[in-house]
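Enquirer: Structure below; questions to follow.
The values are calculated or read from the model by the stated rules, or taken from the named source; none is laboratory data. Just so you know, these numbers come straight off a predicted model, no measurement behind them. So basically every Cβ, Gly included, is an ideal-geometry build from the backbone, and we count neighbours across all protein chains shown.
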Amino acid sequence: RRSRLRVSDCFATYLISQNHIKEGAVLTKYVIRGGKPLYGEIDISGAKNAAVAIIPATLLVQGCCRIENVPDISDVHILLDILKQMGASVCQRSHDTVEIDCTNVGDMEPDPTLVRSIRASYYLIGAQLGRFGRSRVALPGGCNFAPRPIDQHVKGFLALGAEVEETDAYVDARAREEGLQGGRVNLDVVSVGATINIIIASVLVPGQTVIENAAKEPHIVDLANFLNTMGAKISGAGTDVIKIRGVKALRGGAYSIIPDQIEAGTYMAAVAAVGGNVLIKNVIPKHMDCISAKLREMGARVIEYDDAIRVQKVRRLRRATVKTMPYPGFPTDMQGQIGVCMTLAEGVSRITESIYETRFFAYCEELRSMGAKIQVSGKTAAITGWEELHGATVKAHDLRAGAALVIAGLAAQGETFVENIHYIERGYENLIGKLTALGAHIQRVED
Ligand code: EPZ
């Protein structure tokens, strides 16, 4: 099977516009020769979902922000391109350090093609509203594994006194005549994106803003720490009540992004599924608690150090039950990866998805073509473990589903071709290099 670019896909349009690929080109794919256990050490990169919040938040800062431990992934490149196009000075100091100075950025509309190619571009709404009192941003794109409304973001902007108009293609937000003022917002659902966007929008707004029923993910704490380093007054990040006292201005400074919880979890699941013994370095073990506990329950050996975790497969995995939940629960972004572990475990495992019900469709069919026994009914998947998977040609339908297929390919007998890898490269830095260093047979090839 050959996968031709769909030019309607905004991300593909972006890749073409940047000369990364040619129009009508056949997409590159991963070819994996599976069945080889993983041994060695790898370093985890900076957290994607922290980076994609912190980069737009630099719009609020007068002066230069030096950001370290930035992951080298396409979502980050696109956001940096958006800021450059808006007039920011962006200087890549090393492969993981970037300096961003948005002092001279005006309130222009960010390039809609770039904005539509990723999800996190919706943070530009909060950033522009907070800095200029008005914003016009195209509706974001990104991984569309489920309907992803932004009503809770809007609820927050309204609480600050903004007027918001949402059409099919754009969000227009502007302060009323009297200007924005701190407010109180109680989120109807625990939303990472809304929590981040409201924090960003309110940092420069006079008075106190309170977010109740806030999300508690590590990248929310990281964003708050970044903004506080630049002079903001945010307290309570990491709890479900976050308070932001508006300040007059933020100044430049340096900040290092936390390690990526989901990248680390993906490699942990890979070792548990494929076999071997790997030291995963540059992690915050506390952020991994839920994933470590589940893998231990399934029979993997997981040893924590100060800033590293060793995972070893010592027996066939046991069945397990997983329910995805907001942090500190089991992350929905690890659903597919743990699902692959379950396809190889003894007995019948169950996953209940409580955040994005339709997420199973992104990978279950593909795993079935590799021999997995999965039955999906509403929010629950029942996975009957089998002795082995076999290689097949499969398509990544989103970032994490793609990561799950890579793990399945590494565990399978024979060759697996993973297509649509541009989704995977949104969020995994140097996946091929890291897996190859662990002894995997995986290559990125052009048809
Ligand atoms: C973030 O998406 C992550 N993306 C996602 O990571 C992750 O899957 C998700 O959080 C859940 O952890 C980024 O950080 C850029 P939400 P986000 O708002 O913020 C509902 C990855 O692969 N909701 O926490 O868009 C929503 O439908 C990805 O790295 C509303 O109803 O997710 C969902 O059911 C993909 N109204 C729930 O809340 C809203 O206004 C949680 O969504 C917002 C959300």
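Enquirer: Tell me the residue from Ile73, Ile150 that is within 12 Å of the ligand (Cβ to nearest atom) and either among the hydroxyl-bearing types (Ser, Thr, Tyr) or surrounded by fewer than 24 Cβ atoms within 10 Å (Cβ to Cβ) (or both), please.
Expert: Result of the check over Ile73, Ile150: Ile150.
Enquirer: Out of the residues in the range 39-48 meeting the condition of being surrounded by 24 or more Cβ atoms within 10 Å (Cβ to Cβ) and of a type outside the set (Val, Ile, Thr), tell me which one is nearest to the chain's Cα centre (by Cα). Break it down into steps so the answer makes sense when it comes.
Expert: Going residue by residue through the range 39-48, those that are surrounded by 24 or more Cβ atoms within 10 Å (Cβ to Cβ) are 44-48.
Now drop any that are not of a type outside the set (Val, Ile, Thr), which leaves 45-48.
Values: Ser45: 12, Gly46: 11, Ala47: 8, Lys48: 5 Å.
By that ranking, first place goes to Lys48.
Enquirer: Quick one: in the range 424-440, of everything that is within 15 Å of the chain's Cα centre (by Cα), closer than 17 Å to Gly265 by Cβ and not aliphatic (A, V, I, L, M), which residue is farthest from the ligand (Cβ to nearest atom)?
Expert: Step by step, filter the range 424-440, then rank; the result is Glu429.
Enquirer: Separate question: Could you check the range 80-115 and list, in sequence order, the residues that are touching a residue at least 60 places away in the same chain (Cβ under 8 Å), closer than 21 Å to Glu429 by Cα and among the charged types (D, E, K, R)?
Expert: Within the range 80-115, just Asp81 meets the criteria.
Enquirer: Scan the range 198-226 residue by residue and report those that are in contact with a Phe, Trp or Tyr (Cβ under 9 Å, 6 or more places away or on another chain), among the aliphatic types (A, V, I, L, M) and more than 12 Å from the ligand (Cβ to nearest atom).
Expert: Of everything in the range 198-226, those that are in contact with a Phe, Trp or Tyr (Cβ under 9 Å, 6 or more places away or on another chain), among the aliphatic types (A, V, I, L, M) and more than 12 Å from the ligand (Cβ to nearest atom) turn out to be Ile200, Ala201.
Enquirer: Still on this structure, please answer the following. Go over the candidates Leu405, Leu367 one by one and state the one that is more than 16 Å from the ligand (Cβ to nearest atom), part of a helix (DSSP H, G or I) and of a type in the set (A, V, I, L, M).
Expert: Residue meeting the stated conditions: Leu367.
Enquirer: Among the residues of the range 279-315, which ones are in contact (Cβ under 8 Å) with a residue 60 or more places away in the chain and among the charged types (D, E, K, R)? Break it down stepwise before answering.
Expert: Step one: of the range 279-315, the residues in contact (Cβ under 8 Å) with a residue 60 or more places away in the chain are 279-284, 287, 313.
Listed by number, the residues that qualify are Lys281, Lys313.
Enquirer: Give, as residue ranges, the strands (runs of 3 or more DSSP E) completely inside the range 269-353 that count at least 2 residues that are polar (S, T, N, Q) and either crowded, with 16+ Cβ neighbours inside 10 Å or at pLDDT 95 or above (or both).
Expert: 348-352
Enquirer: Do we find a residue being more than 26 Å from Glu425 (Cα to Cα), surrounded by fewer than 24 Cβ atoms within 10 Å (Cβ to Cβ) and within 9 Å of the ligand (Cβ to nearest atom) anywhere in the range 117-134?
Expert: No; the residues of the range 117-134 include none that is more than 26 Å from Glu425 (Cα to Cα), surrounded by fewer than 24 Cβ atoms within 10 Å (Cβ to Cβ) and within 9 Å of the ligand (Cβ to nearest atom).
Enquirer: While we're here: Report, by residue number, each residue of the range 357-379 that is surrounded by fewer than 19 Cβ atoms within 10 Å (Cβ to Cβ) and of a type outside the set (Val, Ile, Thr).
Expert: Residues satisfying the conditions are Glu357, Phe361, Glu365, Arg368, Ser369, Gly371, Lys373, Gln375, Ser377, Gly378, Lys379.
Enquirer: Of the conditions (1) in contact with a Phe, Trp or Tyr (Cβ under 8 Å, 6 or more places away or on another chain); (2) part of a loop (DSSP other than H, G, I, E, B); (3) not hydrophobic (A, V, I, L, M, F, W, C), Asn104 clears all except one; give me its number.
Expert: Unmet for Asn104, out of (1) in contact with a Phe, Trp or Tyr (Cβ under 8 Å, 6 or more places away or on another chain); (2) part of a loop (DSSP other than H, G, I, E, B); (3) not hydrophobic (A, V, I, L, M, F, W, C): (1).
Enquirer: Just one of (1) in contact (Cβ under 8 Å) with a residue 40 or more places away in the chain; (2) in contact with a Ser or Thr (Cβ under 8 Å, 6 or more places away or on another chain); (3) assigned to a loop (DSSP other than H, G, I, E, B); (4) more than 22 Å from Pro71 (Cα to Cα) trips up Gly439, so point out which.
Expert: Of (1) in contact (Cβ under 8 Å) with a residue 40 or more places away in the chain; (2) in contact with a Ser or Thr (Cβ under 8 Å, 6 or more places away or on another chain); (3) assigned to a loop (DSSP other than H, G, I, E, B); (4) more than 22 Å from Pro71 (Cα to Cα), only one is false for Gly439: (2).
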